[in-house]
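Working notes for the structure below.
No lab work stands behind these numbers, since they all come straight from the coordinates. Keep in mind the model is a prediction, meaning the values are calculated, not measured. Here the Cβ positions follow ideal geometry from the backbone for every residue, glycine too, while neighbour counts run over all protein chains shown.
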Amino acid sequence: MALTRGIVPFCFKVIKVVPITLQTHNIHRWVAPTLMELKRREKKLGGKKTNPRNTFAEWNLEAELYAFGKRLNEEFNYDTLLQAFTDRSYVVQEEMKQKEMAIDINLKDNKELAEQGEQFIKEYVQVYLETVLPKFPVDGVTSITKNLTNEETLSHISLHLGTKDIILAAEYPVDNYILANTFKAIVGALLQSSGKERTAHFVRDFVITQLQGQDVNEYWPIDDPWSMLTEILRKDGVTIEPRLIGDVGKNTLLACYRVGLYINKKMISSGFGETAATAKEMAAREALKKVFGTEDHMKPINFQLEGIPKPNENNIYQISAS
Ligand SMILES: *[C@@H]1O[C@H](CO)[C@@H](O)[C@H](O)[C@H]1NC(C)=O
């Protein structure tokens, strides 16, 4: 017989051997052993579950967490990963339920893991970018790091990793703060489970690659490019000279000026604008990109650095914010 396991065939068998006429009479004889058997099986499964929906969710969760790690090709410690997915709001909610039922299960939220993860992400992204953009000023790199590690960017990454349906929170759908925080906590969990190098490569592959196809200059607004350029060149003992090299439609609405910047009579950049001043500013921006090694035709950023780069102490152009 195929149905040899489980509760249904067990009852079925017993009922079947009891003749119909004797059923009411003999009922106590089989009810007790059946209940005892049910109790025994229940115990084997870990005792009575007060909240079957939750229990079910938890069993699913274990599989989900396992699949999550596998999908990312990472090894996580199960408990740590579970904690990474546990938002504070969930813990508060559960503690209230537990108080009502007078039980006490220690649930830990992801606050600490998120803090560890965040610190690691910020430090690593910063040194990574300083290394692959060696001539870009530190302030500029910091500006990119800020963008890559802000709530919006990290929540976007988190969403694409499929965290949304696994996160334990009091309310759904979860907001960007929780999504971003969970991502940070996952990084924290990976740090604890697999160490720094593995975690660094994870952050590289999911966070730093967000720069793919982007113009890094756009992450760092420069208010006064002319002053910045002359300041940098002055430190190097170089003087730069702007020259008007073209104007079309002077004194009309469609006026267009072209200004070239010269060092030792050699033009290093040029810019267009509706006025000579904006043309000069554009030319200065172009010149700065050359100085920073971030021109449009720059070599693409290396997204494959191994290990954790050492902090770059000899960044050439340390420009103060002033
Ligand atoms: C910075 O990040 C935000 C959010 O991820 C994005 O929308 C924005 O375009 C980024 N800024 C720049 C200059 O790329």
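Pulled fully out, how much extra length does the chain show between residue 278 and residue 304, if you take 0.36 nm times their separation in residues and subtract their Cα-Cα distance?
5.5 nm
Mind scanning 122/290; 135/184; 265/289; 184/290 and naming the pairs with a C-alpha gap bigger than 24 Å?
122/290; 135/184; 184/290
Tell me which of 191, 129, 163 sits at the most positive position along the dipole axis of the stretch 119-236, charges placed on C-beta atoms (Lys, Arg +1; Asp, Glu -1).
Towards the positive end, the residue furthest out is 191.
Suppose each label sits 7 Å from its Cα in the direction of the beta carbon; what would the residue 119-residue 252 distance come out to in nanometres?
6.4 nm
Treat every Asp and Glu Cβ in the stretch 53-213 as -1 and every Lys and Arg Cβ as +1, leave all other atoms uncharged, and give the resulting dipole magnitude about the Cα centre to the nearest 20 debye.
Value, rounded to 20: 380 debye.
Using alpha carbon coordinates only, what is the Rg to Rh ratio of the stretch 123-260, with Rh defined as the Kirkwood radius?
Radius of gyration over Kirkwood radius for the stretch 123-260 works out to 1.18.
What is the spin-label model distance, in nm, from residue 223 to residue 239 if the labels are put 7 Å beyond Cα along the C-beta direction?
Simple spin-label model gives 2.8 nm for this pair.
Would you please name the GluC sites (Glu not before Pro) within the stretch 156-229 that are DSSP coil residues with at most 16 other C-beta atoms within 10 Å of their C-beta?
171
At a Förster radius of 35 Å, what calculated FRET efficiency corresponds to the Cβ-Cβ distance of residue 95 and residue 70, to the nearest 0.05?
0.65
Please work out whether the stretch 222-292 counts as rounded, prolate or oblate from its C-alpha gyration tensor, where a ≥ b ≥ c are the square roots of the eigenvalues and a/c under 1.5 means rounded, while otherwise a/b larger than b/c means prolate and anything else oblate?
Note, shape of the stretch 222-292 comes out prolate.
For the stretch 53-213, what D do you get in µm² per second when you plug the Kirkwood radius from alpha-carbon pairs into Stokes-Einstein at 4 °C and 1.567 mPa s?
The estimated diffusion coefficient comes to 79 µm²/s.
Which value, in nm² and rounded to one decimal, describes the direction-averaged projected area of the C-alpha convex hull of the stretch 179-263?
Over all viewing directions, the stretch 179-263 projects a mean Cα-hull area of 10.9 nm².
Whole Å is fine, so just give me how far the alpha carbon centre of the stretch 222-236 lies from that of the stretch 184-203.
The distance from the Cα centre of the stretch 222-236 to that of the stretch 184-203 comes to 40 Å.
Among the trypsin sites (Lys or Arg not before Pro) in the stretch 195-269, which ones are in a DSSP loop with at most 13 other Cβ atoms within 10 Å of the Cβ? Mind listing them?
Answer in residue order: 250, 265.
Rounded to the nearest 0.05, what FRET efficiency do residue 103 and residue 151 have when you use their Cβ-Cβ distance and R0 = 35 Å?
0.50
Under a plain spin-label model, where a point goes 7 Å from the Cα along Cα-to-Cβ, how far apart in nm are residue 214 and residue 62?
Modelled inter-label distance: 4.0 nm.
Quick check: net charge around residue 174, other residues with Cβ under 13 Å of its Cβ, Lys/Arg +1 and Asp/Glu -1?
Around residue 174, the surrounding residues sum to -3.
Using 0.36 nm per residue, how much length does the chain from residue 297 to residue 205 gain when fully extended, once their Cα-Cα distance is taken away?
30.8 nm
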